[in-house]
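This structure is in structure tokens; I'll ask about it shortly.
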Amino acid sequence: MNGWQRFLLLILCCFTVMVLYPDFSTPGWTFIGVAFAMWTGVIMVLSVISSLFGLYKWETFNKLISFVLLCGIMYSLLWYFPQDDKVTPINKIKYGEIPTKADIERGLKRFTFNFDFVRRNAKRKENFINQDLDSKKVKEGIKKKVAETKEEIMESIDIHVE
């Protein structure tokens, strides 16, 4: 593997841990940023050393380095990734709490975007994706708002005319 492939491996590992264990807040994002920067530096140093000594010629040695890198990345992410309940992911695995389908769905929702641009329930932290909206109620609400705005405009015109 070259440096770019190892970098993509790092991205994949970070994304996987964040999806499988979605119970993190701001410290989780900070941790991922710092870990990402640190492991990017390690990957760059490994790439420079590999090029300097011509280690890229030995396929099995490159695979070994990539495997050790993968183990190191996953070790650091699973042992130190902060969770809201103060239990690291490796301890959750140790005690039999493996990620469920609901955890994976919640983790994927953190990386999705609401393309409907629906602003209702904006105070809640949920992401409303692919909502089924009642079109009759929406149309009635629009007509009501337009009528209210029209009345306000007519009143303001009457005030200016007098």
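The values are calculated or read from the model by the stated rules, or taken from the named source; none is laboratory data. Everything numeric in this text was worked out from a predicted model, so none of it was measured. A quick note on method: Cβ atoms are made from the backbone with ideal geometry, for glycine too, and the neighbour counts reach across all protein chains shown. Accessible surface is based on the protein model in full, side chains and every heavy atom, while ligands, DNA and RNA are left aside. Shrake-Rupley method; radii C 1.70, N 1.55, O 1.52, S 1.80 Å.
Based on the Kirkwood radius over alpha-carbon pairs, what is the Stokes-Einstein translational diffusion coefficient of region 16-121 at 25 °C with 0.890 mPa s viscosity, in µm²/s?
Values: Rh = 16.2 Å.
D = 151 µm²/s.
Between residue 34 and residue 68, what's the calculated FRET efficiency when r is the beta-carbon distance and R0 is 30 Å? Round to 0.05. Let's see the in-between values first.
Details: r = 21 Å, r/R0 = 0.69.
Efficiency for this residue pair is about 0.90.
Here's something else I'd like to know. Once fully extended, how much extra length lies between residue 102 and residue 138, figured as 0.36 nm per residue of separation less the alpha-carbon to alpha-carbon distance?
Gain on extension, residue 102 to residue 138, equals 9.9 nm.
If you project the alpha carbons of region 1-48 onto their three principal axes, what span does each projection cover, largest first, in Å?
Result, largest extent first: 36, 17, 9 Å.
Here is a further query. Which lysines, if any, have their Cα less than 24 Å from the Cα of residue 63, not counting same-chain residues under 8 positions apart?
none
How many percent of the accessible area of region 12-105 is carbon or sulfur, using a 1.4 Å probe?
C and S fraction of accessible area: 73 percent.
First select every other residue whose beta carbon is under 13 angstrom from the beta carbon of residue 142; then total the charges, Lys and Arg +1, Asp and Glu -1.
On the way: positive: 136, 137, 139, 143, 144, 145, 150; negative: 134, 140, 148.
That sum, taken over residues with Cβ under 13 Å, equals +4.
Once you list every other residue whose beta carbon is under 10 Å from the beta carbon of residue 19, what net charge do they have if Lys and Arg are +1 and Asp and Glu are -1?
+1
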